[in-house]
Structure formats: structure tokens, C-alpha cells
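Trainee: Can you read through this structure? Questions will come right after.
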Amino acid sequence: TLHLTTCSNMTENLPDFFEKQIAEATKARSAIQKKYNVIAILRIFYFLAAVVATVYVTDKINAWLGILLGFILLGVFAYIIRLHLQIGWKKKYYNFIEKVNENELYRLQGNFKKIEDSGEDFLEADHPYALDLDLFGSTSLFTLLNRTATVNGRHLLAGWLGKKTDVKTIQLRQKAIEELKPLAEFRHAFQAKGQFHKGKQEEIDNLLRWVNTEASELHTNFTKIIAWLLPALVVAGTFAFFYFEDVPGIVIALPLFINFLILGKYRKTVTALCEDTVKSARILKTYVNLFKAVENEQLNSELLTALQSKMHAKNEKASEAIKKLGRILTNLEVRDNVYFAFTVNLATLYEIHWALALEKWKADHEDSIKDWFEALADFDVLQSMAGYAFLNPSFTQARFVDTPYAYKATTLGHPLIHSSKRVCNDFELQGKGKTILITGSNMSGKSTFLRTLGVNAVLAFMGAPVCASRFSIYPCQLFTSMRIQDSLEENTSAFYAELKRIKLMFKTIERCSELDEPVFFLLDEVLKGTNSKDRHLGVNAILKQLFEKNCFGLLSTHDLELNQLADQYPQYIVNRSFNSAIVNNQLHFDYKLHAGMCHSFSASKLMEGLGILGEGTVE
């Protein structure tokens with residue numbers, strides 16, 4: 001067990017904490033490396049000495065004594081190999097601890113591109129908000145949150161990002177995250193243990209599918225009887241042949257021949273069993289360590305104790321049952337060795353015994369194993385989000401209100417923007433059909449602010465802390481329309497693609513109305529692909545349709561004429577803006593949300609700065 005420094009004081013300097021973890025892990029790994037090298041050399045010398053000693057005793061003293069000595073020395077050599085492998089495991093473990101802490105430092109620095117897993121494989125083009133809110137990609141919420149130790153946990157995290165759940169479940173997750181948050185050493189150890197076979201999920205999937213299949217033809221009383229009877233006859237016949245005179249060789253040959261026929265009869269069945277299960281033997285060792293870590297930790301929150309309870313069945317812990325399964329599968333692996341097949345396997349029906357043990361294991365645990373892995377995946381995601389919470393101690397948990405169409409936050413910022421550059425804003429919106437119309441110059445922060453609202457809502461709905469000092473929201477369905485692109489493959493212009501997106505939004509609103517679920521929409525530069533007159537008419541029509549719909553949200557635009565809608569429909573439209581200023585002939589943005597419409601625009605000044613317009617053109 002690695003005894004690293006725990007972060008008991010949450011105000012401790014986080015970079016120093018992670019660097020200390022790395023330094024201690026590096027020191028431990030270096031010490032282990034020395035032991036590993038020494039044992040590697042000893043293995044060679046021991047093997048040579050054992051061979052010489054066995055040959056000498058066999059040749060010079062007594063053959064039977066030499067054979068006995070050889071077996072003893074071989075057993076010791078096997079122990080040395082096992083010890084060497086264990087030390088090698090520890091060496092890798094410390095290396096993974098270093099990697100875990102290095103990734104935390106990258107996140108602290110905002111250097112997300114150095115984190116290997118971007119989660120891009122989870123991107124869905126038609127998702128209501130995944131692409132616009134950077135849920136997945138090199139700099140994304142996924143890279144910010146993902147510390148999962150298992151493939152199932154990784155997939156579950158992506159699912160939680162893409163779909164909200166009910167408030168009760170969210171609140172249970174919040175409490176679990178708060179409990180796991182200070183347990184940095186425990187979480188890092190859990191993550192490191194999962195790295196040994198991370199990514200090799202196919203074997204586990206095959207194993208879980210096999211558990212749901214019917215018992216094979218092996219699982220009968222007849223097979224169980226002959227599996228013990230026939231090897232007993234081989235042993236009896238061998239004993240009789242060597243210790244009694246005039247006993248014919250057929251007393252050995254006949255049982256062996258029958259064994260050969262039995263092995264041939266069940267060969268396909270055993271092979272099929274092995275194809276579905278045996279490959280998972282090694283990865284199961286990793287899962288034993290993960291299950292054991294969760295089982296042995298003292299946890300108190302309702303959700304975490306429920307997950308621990310799911311990892312127990314029939315008075316047996318998941319780690320113990322999985323370890324037993326791993327031992328069965330490891331024993332089945334040797335059946336493919338030709339020499340073993342024509343000696344031990346033929347005499348004892350070895351593979352039949354272990355295949356029967358495998359079938360019995362399935363019968364005993366088929367109702368539990370799926371729950372075990374689901375519970376482990378849930379725990380994996382929770383500890384992952386706890387790591388994110390630990391890294392951001394100033395973030396807060398969301399509060400869910402009973403007032404529909406409500407979103408309120410104080411000092412709200414974007415969690416993917418480094419704290420040294422992050423500009424926070426207060427925000428409040430409430431009311432059915434209520435829309436905040438945001439105007440502002442290029443690069444003033446309109447799009448980033450819309451994403452800030454969306455990203456924090458996603459975090460809130462999965463139970464993770466949000467980047468704000470206070471945050472409350474009514475449960476709702478998010479929908480965004482921001483990054484609209486044309487498609488050569490579908491022969492679709494950006495403007496037509498945007499129209500399809502708007503149509504999808506209205507369909508989403510109608511679907512959610514049937515569920516009595518509000519839609520919170522975020523629309524950025526709507527209908528920017530057409531002329532100003534059509535854009536004005538189109539956005540005007542869209543807004544008026546939204547007034548009576550089961551929704552509320554924000555829309556950003558450059559069309560200042562739309563601000564007049566706030567005068568016509570004050571119960572639905574509110575004007576807000578992001579402004580810019582020219583200070584010492586330089587364009588300056590404060591990235592603050594202001595009341596009213598924008599009166600300062602930056603395009604001309606930007607063009608002048610790039611030399612497109614002559615200097616002094618912009619007054």
C-alpha cells in the first residue's frame with residue numbers, strides 16, 4: 001500500500017500537494033526498481049545453481065533424492081518469479097500514481113491538451129448541446145472531469161454528461177462527491193489500480209454476456225459423476241499395475257481411452273466456454289483490486305453505502321467472488337498446452353473439472369455480477385467527479401428550486417477558463433417564454449457567456465460542483481444552437497443547417513411539453529447566414545413563437561433593431577449586452593454583462609489593427 005501525504009487542509013496549495021505526491025511516488029518507484037533489478041539477477045544465479053545442485057545429487061548421491069530436490073527447488077523458483085512479478089506490479093503502480101498527479105497539474109494549469117483521453121468518440125452530431133458546450137474534445141468538460149479507472153466508468157461519465165437525471169439522484173450524488181472529495185490518496189490509488197488493464201473492455205463484456213447464457217451441456221449430474229469416477233479408475237489402475245503382479249496394462253489404458261473419448265465429446269463445449277471467459281482472467285485481477293478498495297473503505301453517505309451493499313451477495317464480497325472466478329479461468333488457460341493436454345488433462349479430466357467449476361460459479365453469481373460491475377462504474381464516476389471538486393475548492397454545489405423557468409447564479413464563470421483569466425458574472429432569469437436578448441461587439445464575450453450558462457447547467461444536472469459562488473436552477477432540458485457548419489457530404493449550407501437546428505429545437509420543446517419539462521435554450525447569432533432584413537424578420541418570428549412555449553433562454557445577435565422588442569414585449573424580452581472600449585488606442589473588453597443594449601462595436605477597430613483599414617479610420 002502506498003502511504004502518501006493526504007490533503008487534510010483543503011486550502012493547501014494544490015500544485016505543491018500534487019508535486020509532493022509525484023515526488024513521493026518517484027522515490028518509492030526508484031526504491032522498488034533497485035529491488036526489482038537485484039531479484040532479476042538472483043533469479044538467473046538461483047536457476048543455474050538449482051540445475052547444478054539437482055544434477056549433482058541425482059548423479060552422485062541418489063536419483064530419487066535428486067528428483068525430490070529438483071521439485072523443491074522448482075517450487076522455490078516459482079515463488080521467486082511470483083515475488084518478482086509482484087514487485088514489478090508495485091513499480092508500475094507508483095508510475096501510474098505519478099501519471100495521475102501529473103494530469104491534475106495539467107488541469108490546474110489549464111493545459112488540457114496534454115491529457116490523453118479527450119472523449120471525442122462520444123460526440124453526437126444531433127445531440128441537443130454536446131458540440132456547442134464542448135462536452136467532449138481536447139479542451140472539454142470530459143477532460144476536466146474524467147479520472148475514471150474503468151472503461152464502464154468512462155462510458156457512464158459520458159452518459160451523465162449528456163443526459164440529466166432526477167433531482168433526488170443528483171442530490172445523492174452531491175453528498176457522495178462531498179464525502180469522497182477530501183480522500184485524495186484513496187482516489188489516486190483507485191485510479192492507479194485501474195490503469196493496469198484499462199481499455200481492455202471487450203473481455204469483460206464477453207464475460208457478462210456469457211453470464212446471461214443458459215448452462216452448457218456440461219452442467220449435468222452425469223458429467224459431475226464421471227469427472228470424479230474416471231480419474232479415480234485411472235489412479236486405481238495405475239496403482240494396481242505397478243504394485244501387483246500379472247495385472248494387464250489395459251487397466252490403465254481403458255480408463256485413459258474413455259477419458260480421451262469424454263474430452264473429445266465435450267471439447268467444443270469447453271472451448272466455447274473458454275472463448276467467452278478465459279481472456280478476462282488477467283483483467284479480473286485489476287477488478288479484484290478495485291472492488292476490494294471500495295469494499296474496505298469506510299463510507300457513510302447514502303449513495304456510497306448503497307453501492308457498497310450492491311457489491312455483496314450471499315454473504316460473499318464481489319472481490320472474493322471475482323478472485324475465485326479469476327482462479328478458475330487461470331486454471332482453464334493451461335488446457336491449450338499440448339504436453340499438459342496429453343498428461344495431466346488426459347489422466348484427471350482437468351479441463352472438465354474446471355469447466356464445471358466455472359458453470360457452478362455462474363449459477364451462484366449470475367444474479368449479482370451485473371450489479372457488481374454497475375455499482376463499480378457508478379463509484380468510478382463519483383470518485384472521478386470528487387477529484388474535479390477537490391481541484392476546484394471554490395466551486396459550489398447547485399441548488400434546485402421549485403419555481404419553474406428559473407436560473408440564478410452569483411459570480412458565474414466558465415470552468416474551462418483558467419482562474420487567472422476567468423471573468424465571472426451574476427445572472428438571473430425567470431419566467432415562461434422569458435428571453436434575454438444579448439448584443440455585443442465581436443470578441444466581447446457573448447458566445448463564451450452562453451457556453452458558461454450551458455456548461456454549468458450540465459455540471460449541475462450530473463451532480464458536479466459548478467463554477468459559481470451561488471447557483472440555483474429549475475430542472476430543465478438544455479438546447480443550444482451555436483456552432484453551425486455547412487456539410488459538403490450532405491450538400492447542406494450553413495444557413496440551411498441552422499434552420500434544421502431551429503426546427504429541432506421546436507420539436508424538442510414540443511416533446512418536453514408532453515413531459516412537463518421546460519427547455520432552456522441558448523441561441524448564438526441566429527440566422528447569421530442570411531441578409532440583415534431576412535435575419536431581422538426571421539429572428540423576430542422565432543422569438544414571438546417562443547413567448548408562449550414551454551421554454552426560456554438567451555439569444556445573442558448583432559441586430560440592434562431587435563432590442564426594440566423589449567419595448568414591445570417587456571414581459572418576455574430583456575436586453576443585456578457585452579461592451580468594448582478603446583483605451584489608449586487599444587480595444588478593451590471587460591467581458592461583463594451589462595443592462596440594456598450594446599452601443600460599442602469592435603469590427604472596424606479590429607480591421608484597423610490587422611491593417612485592413614487605414615490607421616486613424618476609426619475615431
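Trainee: Where the centre of each part is set by its Cα atoms, how far does the range 459-479 sit from the range 133-167, in angstrom?
Mentor: With the range 459-479 and the range 133-167 each reduced to a Cα centre, they are spaced 15 Å.
Trainee: Express the relative contact order of the range 395-437 as a whole percentage, based on alpha carbon pairs under 8 Å and six or more residues apart in sequence. Don't skip to the answer; put the middle values down first.
Mentor: On the way: 39 pairs, mean separation 18.1, N = 43.
Here the relative contact order equals 42 percent.
Trainee: Could you go through the range 374-379 in sequence order and give the Karplus-derived ³J(HN,Hα) for each residue, using 6.51 cos²θ - 1.76 cosθ + 1.60 with θ = phi - 60°, rounded to whole Hz, and x for Gly and Pro?
Mentor: Running phi through 6.51 cos²θ - 1.76 cosθ + 1.60 with θ = phi - 60° gives 5, 5, 5, 5, 4, 4 Hz.
Trainee: Kindly work out what percent of the DSSP beta bridges joining two residues of the chain are antiparallel, to the nearest 5. Mind showing how you got there, number by number?
Mentor: Values: 19 of 43 bridges.
Of those bridges, close to 45 percent are antiparallel.
Trainee: If you average the sequence gap of Cα pairs under 8 Å that are 6 or more apart and divide by the length of the range 3-151, what percent do you get for the contact order?
Mentor: Numbers: 113 pairs, mean separation 34.2, N = 149.
About 23 percent, as a whole number.
Trainee: How large is the accessible surface per residue of the range 324-443, computed with a 1.4 Å probe and reported in Å² as a whole number?
Mentor: Numbers: 4790 Å² over 120 residues.
Spelled out: the 1.4 Å probe surface of the range 324-443, per residue, equals 40 Å².
Trainee: Would you work out what percent of the accessible area of the chain, with all protein chains in place, is carbon or sulfur (probe 1.4 Å)?
Mentor: Here carbon and sulfur together make up 56 percent of the probe-accessible area.
Trainee: Show that you can apply the helix-only estimate: for the chain, add -39,500 (n - 2.57) for every DSSP H stretch of four or more residues, divide by all residues, and state [θ] at 222 nm to the nearest 500. Walk me through the numbers on the way to the answer.
Mentor: Working: 20 runs with 336 residues, N = 619.
Result for the chain, helices only: -18000 deg cm²/dmol.
Trainee: Next question. What translational D, rounded to a whole number of µm²/s, comes out for the range 70-176 from Stokes-Einstein when the hydrodynamic radius is the Kirkwood one over Cα pairs, at 37 °C and 0.692 mPa s? If you can, show how the numbers build up before the last one.
Mentor: Numbers: Rh = 17.1 Å.
Value of D from the Cα-based Kirkwood radius: 192 µm²/s.
Trainee: Could you run the Debye sum over the Cα atoms of the range 332-419, one equal point scatterer each and no solvent, and tell me log10 of I(q)/I(0) at q = 0.18, 0.25, 0.26 Å⁻¹, two decimals?
Mentor: For the range 332-419, the Cα-only Debye profile gives -0.97, -1.17, -1.20.
Trainee: Compute the normalised compactness of the chain: alpha-carbon radius of gyration over 2.2 N^0.38 Å, N being the residue count.
Mentor: On the way: Rg = 33.2 Å, N = 619, 2.2 N^0.38 = 25.3 Å.
Output field value: 1.31.
Trainee: Just want to confirm a number: the relative contact order over the chain, from Cα pairs under 8 angstrom separated by 6+ residues, in percent. Spell out each step's value before the answer.
Mentor: Details: 890 pairs, mean separation 86.4, N = 619.
Relative contact order comes out at 14 percent.
Trainee: Compute the accessible area per residue over the range 172-232, keeping the other protein chains in place, probe 1.4 Å, unit Å². Walk me through the numbers on the way to the answer.
Mentor: Working: 2950 Å² over 61 residues.
Spelled out: the 1.4 Å probe surface of the range 172-232, per residue, equals 48 Å².
Trainee: If amide H atoms are built 1.01 Å from N in the plane of the peptide, which residues on other chains or at least 5 residues away come under 5 Å of the amide H of Val519?
Mentor: Those qualifying (amide H under 5 Å, at least 5 residues apart or on another chain) are Gln477, Cys551, Phe552.
Trainee: Still on this structure, I have one more. For the range 357-496, what are the per-bin percents of Cα-Cα distances with bins 5 Å wide, up to the bin holding the maximum?
Mentor: Result, from short to long distances: 2, 8, 13, 15, 14, 12, 10, 8, 7, 4, 4, 2, 1, 0, 0 percent.
The values are calculated or read from the model by the stated rules, or taken from the named source; none is laboratory data. Computed from a predicted structure; not experimentally measured. Heads up: the accessible areas ignore ligands, DNA and RNA and are worked out on the full protein's heavy atoms, side chains in. Shrake-Rupley method; radii C 1.70, N 1.55, O 1.52, S 1.80 Å.
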